[in-house]
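Colleague: One structure, pasted below without further comment.
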Amino acid sequence: MPDIQPATAPAAVASAHGAPAASPLGTEAAHMVLTITVAGQLCGVPVLSVRDVLGAQAITRIPLAPREVAGSLNLRGRIVTAVDLRTRLGLPPRDDGRPAMSVVVEQAGELYSLLADQVGEVLSLSPAERAANPPTLHHTWRDMSLGVHRHGGQLLVLLDVDKLLEIG
């Protein structure tokens, strides 16, 4: 069984001198992912890229934007570009009537919302358990993935946020 554990915020641990010990979360954060589901596929977004998670949001269409750009939304006064992960990953549109969840990430000082079907939990993934993309993985997914992990009988695709946002 791979070393994949749900991550929790560690409690401050007192050292022999009574002072709180440094939180191991800082070193572990590089191996933590927020799980999302896109068209039934379990994916992971590096937690260090995530700035916010939002429920259903009003999205304004942007004229002449690429297909992957669903529009923009307002987050506390900032304009956020919404990217539909289904379209970006070559999947069919959502047809269940449920609104998408937004995972807000930052790249080059700009905020982007990655629209996913569901947002799950934060997991700590062992780097030793990461595998290369399978050769059978569709080239669109392969180009936007950092690798895969096994999790609870499913394959978790670790998404490369920088590649996902190379639009247009």
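Each reported figure results from applying straightforward, stated rules to the coordinates on display, with no laboratory input. Model, not experiment: these values are computed from the prediction. Note: ideal-geometry Cβ built from the backbone for every residue, glycine included; neighbour counts use all protein chains shown.
Colleague: How far apart, in nm, are two points set 7 Å out from the Cα along the Cα-to-Cβ line at LEU137 and at ASP162?
Modeller: Reported label-point gap for LEU137 and ASP162 is 1.6 nm.
Colleague: If Lys and Arg each add +1 and Asp and Glu each add -1, what is the summed charge of the other residues whose beta carbon sits under 12 Å from the beta carbon of ASP84?
Modeller: +3
Colleague: Given the C-alpha centroids of segment 129-168 and segment 58-94, what is the distance between them in whole angstrom?
Modeller: One Cα centre to the other: 21 Å.
Colleague: Any chance you could run the full-extension gain for ALA56 through GLN154? It's 0.36 nm times the residue separation minus the Cα-Cα distance, nm to one decimal.
Modeller: Stretched fully, the ALA56-GLN154 segment lengthens by 32.6 nm.
Colleague: On full extension of the chain, what length is gained from LEU75 through GLU28, given 0.36 nm per residue of separation minus the C-alpha to C-alpha distance?
Modeller: Working it through step by step, the gained length comes to 14.1 nm.
Colleague: Ok, one more. Which of ARG86, ARG130, ARG67 has the fewest other C-beta atoms within 10 Å, and how do the rest follow up to the most?
Modeller: Numbers: ARG86 18, ARG130 15, ARG67 9.
Going from least to most buried by this count: ARG67, ARG130, ARG86.
Colleague: If you don't mind, there's one more thing I want to ask. For VAL105, what is the net charge nearby, where nearby means another residue's Cβ is under 10 Å from its Cβ and Lys, Arg count +1, Asp, Glu -1?
Modeller: Around VAL105, the charge tally is -3.
Colleague: Please compute the modelled spin-label separation between ARG130 and ARG98, points set 7 Å along Cα→Cβ, answer in nm with one decimal.
Modeller: The answer from the label model is 2.9 nm.
Colleague: Continuing with the same structure: What order do you get for ASP84, ASP162 when you list them from fewest to most C-beta neighbours inside 10 Å?
Modeller: On the way: ASP84 22, ASP162 13.
Placing the least packed residue first, the sequence is ASP162, ASP84.
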